[in-house]
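For reference, the structure is listed below as structure tokens.
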Amino acid sequence: MATIVMERIGRVFISLQQIREVPRMLTEAAPSMPGTVRDTEVPSYFRERQVCTGYRPLNQNWRYYFLSLFQRHNETINIWTHLLAFLVILVKLLQLAETVDFVSDPHSWPLLILVLSSLTYSAFSAVAHLLGGKSELCHFIFYFLDYVGVAQYQYGSAIAHFYYAVDESLHRHVHGIFMPLAAFLSCQSCLGCCYGKYCSHSLPSWVRKVCQVVPSALAYMWDSSPVAQRLLSWSTAGDDPAVIYHFCQVAFFLSCSFFFTCPLLERCFPGRCDFVGQGHQFFHVFLSCCTLCQIHASHLDYVGRRELYTRLHGSGDAALFVGLYVVTLVVCALIAAFMLRKVKRLLDLEAKSK
């Protein structure tokens, strides 16, 4: 009996010893993860104002940057905010697909474009923040891709607002010019953002912000004008369930615009927001909330205003707007490719001068 007891105690002891070895085994199996570095150890256009530490070293292998998704650095929260937003929007798309016929009903295509453009911009943003720190060239490539995503999301917002949220009086005045102008402003926004990033090595940061903010602000004001008119007449909206979500999307967008242009906490607490508390992180959160409210409001309008928008928009309008979306996406991609060529020339000149 004593022998049996001793054998069992020995097995338990061996099991405990093996469990204690698990952390060491995982550490040896996992690839070496270099620590983060200070802002002085990365090129100037990698640096964010008042963010002093937490930068990932350049020129590591791709595996390092993919695994940095689970590492603590100054881009971790920026990655996860839009990655989680992507997953939530994807779930929303699957829910909508259960009740909305995205294949046979052309009037549902603007809603589909809005959701797909939302998925695209959130995915491109997460990828840019995850992989943009690998090298100088990768930094420009992935952030230009991010700007293409933002531009096509602006167009997706415009088509949903104009198709579902517009009132008859505004439609009468802007029909025929609203979507072409929205496409132009989206491309202008992409150009401004890419040019601002391209000049970030030689111009002050406020110039870059102007290049990025002004075209985007013009696009937003135009794209959201149907929603603004709806909100101005909220007292006559009656039991319109979408109004509150339109109001929330505007409030969230204004909030994210504030944090994009004004890194408040970094200025108040320099060096203390390197991991959490950055204005760009709040920008991501509020933009994601804005997008979700926007999708929900557009779905409510799709269901509740069908009589109005089917009367205002002909059977071919949806297909025309989808085609214009494809054109906008191609033009923005060409703009990004053109600016990337200029970046490569600049980096080659810098390399030769060293």
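The values are calculated or read from the model by the stated rules, or taken from the named source; none is laboratory data. Remember, it's a predicted structure, so these values are computed and weren't measured experimentally. Neighbour counts are summed over all protein chains in view; Cβ atoms, including those assigned to glycine, are modelled from backbone coordinates with ideal geometry. Surface accessibility is based on the protein's heavy atoms, side chains included, excluding ligands, DNA and RNA. Shrake-Rupley method; radii C 1.70, N 1.55, O 1.52, S 1.80 Å.
Set against the labelled values (i) 48, 46, 45; (ii) 80, 52, 49; (iii) 89, 70, 39, Cα extents along the principal axes in Å computed from this structure falls on (iii).
Is the shape of segment 167-257 rounded, prolate or oblate, going by the alpha carbon gyration tensor and its root eigenvalues a ≥ b ≥ c, with a/c under 1.5 for rounded and a/b larger than b/c for prolate? Oblate, because a/c is 1.5 or more while a/b does not exceed b/c. When each of the peptides 155-162, 184-191 is scored by how many other beta carbons lie within 10 Å of its residues on average, the order from highest to lowest is 155-162, 184-191. Accessible surface for Y121 stands near 10 Å², nearest 10, in the context of the full protein assembly shown (1.4 Å probe).
Just to be sure I understand the rule: take each whole DSSP H helix in the chain, project its Cα atoms onto its long axis, keep it if the span is 24 Å or more and its mean Kyte-Doolittle hydropathy is at least -1.0. Which ones pass? TM-like helix candidates: 2-29, 76-97, 109-131, 136-160, 178-198, 205-223, 243-261, 279-304, 317-353. The accessible-area ordering, largest first, of the residues E266, E41 stands as E41, E266, per a 1.4 angstrom probe. Each residue was assigned an accessible area with a 1.4 Å probe, and for D240 the value is about 40 Å².
Rounded to the nearest 10 Å², what accessible area does V148 show when all protein chains are kept and the probe is 1.4 Å? In the full protein context, V148 sits at about 10 Å².
Please report how far the C-alpha centroid of segment 217-259 lies from that of segment 308-333, rounded to the nearest whole angstrom. Comparing the Cα centres of segment 217-259 and segment 308-333, I get a distance of 22 Å. Using a cut-off of 28 Å between Cα atoms, the listed pairs K209/K352; K92/K134; K92/K197; K92/K342; K92/K344; K134/K352 include K209/K352; K92/K134; K92/K197; K92/K342; K92/K344 as exceeding that distance. Run the paramagnetic zone check for W62: 7 angstrom along Cα to Cβ, then residues of segment 119-159 with backbone nitrogen under 20 Å. Correct set: 123-146. For F260, F269, the ranking by accessible surface with the largest value first comes to F269, F260, using a 1.4 Å probe. Each label point was placed 7 Å from the Cα along the Cα-to-Cβ direction; for Q95 and V322 their separation is 2.4 nm. In the chain, the calculated helix contribution to ellipticity at 222 nm averages -24000 deg cm²/dmol per residue, counting -39,500 (n - 2.57) for every DSSP H run with n ≥ 4. Positive-end ranking of P215, Q249, T53 along the dipole of the chain, with charges on Cβ about the Cα centre, is headed by T53. Over the chain, accessible surface divided per residue gives 51 Å², non-protein components excluded, 1.4 Å probe.
With every protein chain in place and a 1.4 angstrom probe, the accessible-area ranking of E75, E307, E168, largest first, reads E307, E168, E75. Put a plus charge on the Cβ of each Lys and Arg, a minus charge on the Cβ of each Asp and Glu, and nothing anywhere else: the dipole of the chain about its Cα centre is then about 1280 debye. Could you calculate the FRET efficiency of E307 with A351 from 1/(1 + (r/R0)^6), where r is the beta carbon distance between them and R0 is 45 Å, rounded to 0.05? Computed FRET efficiency for E307 and A351: 0.10. Candidates L94, Y309, F142 compared by Cα position along the dipole of the chain: farthest toward the positive end lies F142, with charges placed on Cβ.
Nonpolar atom fraction for the chain, defined as the carbon and sulfur part of the 1.4 Å probe accessible area, stands at 68 percent.
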